[in-house]
Amino acid sequence: MRSILTFVLALVAIPLTADTIRFDPPNPTSRTPVMAYLTGSGCGSSSGSAVRNGSSIGVAIRSQGCGFPVLGGYDVPVDLGILPAGVYDVVARLEGVPTPVAEVKLPVADAVPPFAVQPNVSHEGGEVIRLRRLDLIGCTAGTPALVCEDVAVRIDGVAAEVISVSPHEVIVRAPAHAAGTVDVELTTPRGTSRSVAALHYYDAAFRQPRDPAFFERVLFPVLYSGAGSYGSQWRTDLALHNGNTFEVEADTLPIGFICSFTCVTRLGPDYGEIIHGFDWSTGYVAELPRQAMAELRFSLVVRDLSRDASAFGTSVPVVRGKDWFDRPFSIVNVPSDPKNRVALRLYASQYISEARMNIVALTGPHANTVLVYAIEYPKAALGHNFAFIGDLLTKYPEIAGKGPLRLDILTATPAWPLWAYVSVTNNDTQNVIVIAPE
């Protein structure tokens, strides 16, 4: 008989108190079709539509009208189409209800900007940024240095301090500005060019959430160093390297926790470090600049020092934004023999009320299971929701010997992205392997 395990995830983030809107892709350009998803805890909804008026987009949601709140509520897709570059106010309303249920900004970047802005994020105080393009500025040979044409840069209409000028790059210090997305203008004797929605000011004090158009959520599934079962002593090493040619804002990485929450931690070009010693067995989520992600590299290795301190350890995947699942997924070839501890860790990118999982035999009849409504709540999780079963075989002895198993992780309510993995630890040797979804 096939049955369903229902996991109620621990609420460790701010509760969903109002409807929210997310976009796919989160960082659209003027050539990218955009879908908006309205998620809420009210009554269900069958459909939605959008109307654009200049820089405003109104989203109308037609409710099913159940008459009382429903946990989990609705998750309605609305096609916004292809939008010109700019910053849009997206306002969602339920049909017949004048008060908006959600209102967010949607930046749409120019698909072919006249120049690149690197980095394209700055704290509110203003930072050094670079305007880059081949043959951007007219320069001639001089003595002792190049002589370049006059340059002026304005950010959201305010003059920026020009630090240096070269044929392919202009370096400026951005002026102070409130959090938000702005245009950048470059003026030379040949004219003015504008890169639309090119620079985003963020709130370094975390009074406002980071904009997913410019920041990507990266999950480090475990960052724990300390005692474990059977006398084990675990250590997790996080290695990171910035391969970009510009500094990268990283105040949400663990290295930033040594200072106050208002400090700004930077990763310089070609910067590398290995860090450990944290007590976050429930994982950790950082929000890092999307522009830099292609050249940010990570490695996460966990090992038991009590048995063989010389062993290098086991790699645990680092979960980038593209690796989260917004559809059902499976973890396959999970063992079910008592010589191992088989632990399941399930992560949600935002607060969700529940997720469901089927446990079935991979190569034979469906394994018998029991219906489960809750699991152990963790002490804390940083930037995400987390559910944990330390040993599937101990908690659900009826699945022992039914393996190898397939764990089917089904969609969540609301439909926020999920990720999960299984760790298999030998009771005698403490050797660990990780089985992750592929």
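The values are calculated or read from the model by the stated rules, or taken from the named source; none is laboratory data. A quick note: this is a predicted structure, and the numbers were derived from the prediction, not measured. Reconstructed Cβ throughout: ideal geometry from the backbone, glycine too, with neighbour counts over all protein chains shown.
Restricting the range 367-402 to residues that are modelled with pLDDT under 75 and under 16 Å from Ile331 (Cβ atoms), which is surrounded by the fewest Cβ atoms within 10 Å (Cβ to Cβ)? It comes out as Thr369. Filtering Ser281, Ser225 for residues that are farther than 20 Å from Val108 by Cα, over 22 Å from the mean Cα position of the chain (by Cα), buried (at least 16 other Cβ atoms within 10 Å of the Cβ) and at pLDDT below 85 leaves a single hit, Ser225.
If you take the residues in the range 93-142 that are over 24 Å from the mean Cα position of the chain (by Cα) and among the hydroxyl-bearing types (Ser, Thr, Tyr), which one is nearest to Ala159 (Cα to Cα)? Here the answer is Thr140. When residues in the range 24-40 are screened for being surrounded by 21 or more Cβ atoms within 10 Å (Cβ to Cβ), modelled with pLDDT under 95 and not aliphatic (A, V, I, L, M), 2 of them pass.
Scoring Pro114 on the criteria (1) modelled with pLDDT under 95; (2) surrounded by 14 or more Cβ atoms within 10 Å (Cβ to Cβ); (3) part of a loop (DSSP other than H, G, I, E, B); (4) of a type outside the set (Lys, Arg) leaves a single failure, condition (1). Among residues that are in the same structural domain as Arg341 (by TED's automatic domain parsing), of a type outside the set (S, T, N, Q) and either surrounded by 21 or more Cβ atoms within 10 Å (Cβ to Cβ) or at pLDDT below 85 (or both), Ala436 is not included.
Out of all the residues in the range 315-344, which are surrounded by fewer than 17 Cβ atoms within 10 Å (Cβ to Cβ) and β-branched (Val, Ile, Thr)? Matches in the range 315-344: Val332 only. Screening Asp211 against (1) out of contact with any Phe, Trp or Tyr (no Cβ under 6 Å at 6 or more places or on another chain); (2) part of a strand (DSSP E or B) leaves a single unmet condition, (2). Anything in the range 123-146 that is hydroxyl-bearing (Ser, Thr, Tyr) and either under 19 Å from Ala292 (Cβ atoms) or assigned to a loop (DSSP other than H, G, I, E, B) (or both)? List them, or say none. Of everything in the range 123-146, just one residue is hydroxyl-bearing (Ser, Thr, Tyr) and either under 19 Å from Ala292 (Cβ atoms) or assigned to a loop (DSSP other than H, G, I, E, B) (or both), namely Thr143.
Listed here are the residues, each with its yes/no results for (1) in contact with an Asp or Glu (Cβ under 8 Å, 6 or more places away or on another chain); (2) outside the structural domain of Asn385 (by TED's automatic domain parsing); (3) part of a loop (DSSP other than H, G, I, E, B).
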{"position": "Thr192", "(1), (2), (3)": "yes, yes, no"}
{"position": "Val196", "(1), (2), (3)": "yes, yes, no"}
{"position": "Arg207", "(1), (2), (3)": "no, yes, yes"}
{"position": "Trp234", "(1), (2), (3)": "yes, no, no"}
{"position": "Asp237", "(1), (2), (3)": "no, no, no"}
{"position": "Asn244", "(1), (2), (3)": "yes, no, yes"}
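Of all residues in the range 292-350, those that are in contact with a helix residue (DSSP H, G or I) (Cβ under 8 Å, 6 or more places away or on another chain) and among the basic types (Lys, Arg) total 2. Taking first residues from the range 77-97 that are free of Cβ contacts under 8 Å to residues at least 40 places away in the same chain and surrounded by fewer than 18 Cβ atoms within 10 Å (Cβ to Cβ) and partners that are assigned to a strand (DSSP E or B) and charged (D, E, K, R), the Cβ contacts under 8 Å between residues at least 6 apart in sequence or on separate chains come to Asp89/Glu103; Asp89/Lys105; Val91/Glu103; Glu95/Arg62.
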